[in-house]
Amino acid sequence: MNFRPAIFLISGFIYLFSFPVFSAQPEINQSAVASAHPTATSAGFEILGQGGNAFDAAVAVTATLAVVEPMGSGLGGGGFWLLHRASDGFQVMLDGREKAPAAATRDMYLDKQGAVIDGLSLNGALAAAIPGLPAALVHLASKYGKLPLRQSLQPAIRAAEKGFTVYPRYQKLLKFRLAHLNEAAKKVFLTDDNNIPAIGALIIQKDLAASLRRLAIGQRDGFYKGETAEKMLKAVSSAGGIWTQSDLDNYQVVERKPVIGDYHGAQIVSAALPSSGGIVLLEILNILSGFELDALTPTERKQKIIEAMRLAYKDRAEYLGDSDFIQLDQSRLISMAHADQLRAGITNKATPSDFLSETTPPEGQDTTHFSIIDDHGNRVSATLSINYPFGSALLAEGTGIVLNDEMDDFSASPGVENSYGLIGSSANAIEAGKRPLSSMTPSFIEKDGDVLVLGTPGGSRIITMVLIAALDFLHGNGELADWLAHGRFHHQYYPDVVQFEPGAISKAEQAELSLLGYELKERQSTYGNMHAVLFKSDGDLEAASDPRWLGKAEVRKVSSEDAATIVR
Ligand code: DON
């Protein structure tokens, strides 16, 4: 593939991008949408049916997920949208990650003795960073879409007004966060007598519909100023938070160059900082590219993959943070020379993480992901989050908006684990206006003309889930549905443990890995919720949703009937 440098002027900054130039567009007669909820997938097709492109559909799917999956993402949160424009091959990552408010300080979650105060970065107003998702929707629609925002937000507004029906994962995560919900959240999400609603009960969100409408009409100012802003600020300050109007005014979406690399001739395009996803994924693949994975026994293969995960997550802990705030030689980390050096230290058994350096250092079912390819070949891979299930559990009264608790993705203190057990260095320390380091890994992987668009929620395990599915694709191990179904395993440097889904590592492999020095932890339940679409070089499209949950993946020729789809 040829690469041609191009200069783009964005928000007053000059960005030098390289993007692949396509001589001819493949003919695709269909579009594919895979998301975590059937209503969101229908919303995508509805907007495609109205003449929208993948980017308009992404607006519709993002906003609808905010309504029907309120525990996973929303207007009070953020996300990353990886875009590929078919007409010129331009690729960019929209960074709508939340930012720490100006009054945030490095030690804001520590007590007088310097110990982290339990729960402060997870529950309530102090846990919430300044949301980026609404600004990203405005940017996505105006810069890349064909339809006005007010049109692509319609399916979400309708879904909020008509209500969605309660499903098991909603019940489960609501129960998990029940003790922390504020009164406003209880009014929206629980029954009148403060119980978990039954399966099939309707959750109607009139205030959220009104907030979406203000965004649709007022664009950026419809969220960051005026009624929505005032109500959020009131809710935050009365709950002891530190947001100000100028934090909202100062929020900016950033266009970032995706992390791009190569694995045996296949191209990997993935999330840039402030997500660690792309860098860690590439580091692992670079390390693995020096092994003949297909020639190894299943145990040997897993052992090499686990060691590569350990080493890349170590770099994550030591070096990574918001690139607007830290000096980092990213090209070194994703270079083959670095991978060669790391690979050289891998033996045939476990290397305890404690031996690697002197650094002291819930389940993943919320957050959300969707993948789209439209009939022109435009692509979107987007992972969106409010972090923990139902974010900070604080719903801003009168807005229907659940505020995130993304502040927990910062390293509250060097070496102290966050809720995903991740540790970090000063690179990811809290600073005013800084974005917390993420693991979200929306990705495109191109191999021999096939293109896989994928991603998943799952906290620190996101990157290794994307890795495992990517390796299946890159090594021709089954079909799309298999790549999403295969058992998952994970190592993140610390804790020095191999976690795995029930059955993902067979008893025999477990015995072999234990002998090699690995501590193994079979999780009680599965994790992740991956949604992927696949363009085949022959022009076919496929879509798949994680069999673990209720997502909906569909490929179809968009017709005028889609334009009239009634979103239930
Ligand atoms: O940005 C991150 O890495 C996390 N806030 C993502 C959280 C997540 O995936 C929750 N679990 N499913």
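One table, with the values for the structure above:
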{"read-out": "Probe 1.4 Å, protein heavy atoms only - accessible area per residue of the chain in square angstrom", "value": "35"}
{"read-out": "Gain upon complete extension [SER246, GLU230; 0.36 nm per residue less C-alpha separation]", "value": "4.6 nm"}
{"read-out": "Net charge of neighbours whose Cβ lies under 13 Å from the Cβ of ALA295, counting Lys and Arg as +1 and Asp and Glu as -1", "value": "-1"}
{"read-out": "Most to least packed among 285-291, 64-70 [average Cβ atoms within 10 Å]", "value": "64-70, 285-291"}
{"read-out": "Cα convex hull volume per residue for segment 147-275 (Å³)", "value": "193"}
{"read-out": "Largest-first principal axis extents, alpha carbons of segment 113-160, Å", "value": "55, 25, 10"}
{"read-out": "Given LYS112/LYS521; LYS314/LYS447; LYS99/LYS162; LYS112/LYS175; LYS172/LYS206; LYS186/LYS234, the pairs whose alpha carbons are separated by over 26 Å", "value": "LYS112/LYS521; LYS314/LYS447; LYS99/LYS162; LYS112/LYS175"}
{"read-out": "Packing-based ranking, highest mean first, of 208-220, 509-521, 191-203, 173-185 given that Cβ atoms within 10 Å are counted", "value": "208-220, 173-185, 509-521, 191-203"}
{"read-out": "Calculated FRET value between GLU479 and LYS112, using beta carbons and R₀ = 56 Å, to 0.05", "value": "0.45"}
{"read-out": "Segment SER87-ASN195, length gained on full extension (0.36 nm per residue, minus Cα span)", "value": "33.8 nm"}
{"read-out": "Three principal axis lengths of segment 231-304 [C-alpha, angstrom, descending]", "value": "61, 27, 14"}
{"read-out": "Segment 61-159: trypsin sites (Lys or Arg not before Pro) falling in loop per DSSP and having at most 13 other Cβ within 10 Å", "value": "LYS112"}
{"read-out": "Computed over segment 221-323: relative contact order in percent, which uses C-alpha pairs under 8 Å that are six or more apart", "value": "20"}
{"read-out": "Within the chain, helix-based [θ] at 222 nm, where runs of 4 or more DSSP H residues each add -39,500 (n - 2.57), nearest 500", "value": "-9000 deg cm²/dmol"}
{"read-out": "Overall dimensions of segment 337-475 by Cα: Rg and Dmax, Å", "value": "18.3, 58"}
{"read-out": "Size-normalised alpha-carbon gyration radius of the chain, reference 2.2 N^0.38 Å", "value": "0.90"}
{"read-out": "Förster radius 22 Å - calculated FRET efficiency between ARG332 and ASP354 (Cβ-Cβ, nearest 0.05)", "value": "0.35"}
{"read-out": "Over segment 201-347: Rg over Rh, Cα atoms, Kirkwood Rh", "value": "1.18"}
{"read-out": "Charge context of PRO436, other residues only, Cβ under 14 angstrom, K/R +1, D/E -1", "value": "-3"}
{"read-out": "Using alpha carbons only: equivalent-ellipsoid semi-axes of segment 84-199, gyration tensor based, whole Å", "value": "32, 27, 12"}
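The values are calculated or read from the model by the stated rules, or taken from the named source; none is laboratory data. Fair warning: this is a prediction, and the values are worked out from it, not measured in the lab. All Cβ positions, glycine included, derive from the backbone under ideal geometry; neighbour counts span all protein chains shown. Please note that ligands, DNA and RNA were not included when accessible areas were found on the heavy atoms of the full protein model with its side chains. Shrake-Rupley method; radii C 1.70, N 1.55, O 1.52, S 1.80 Å.
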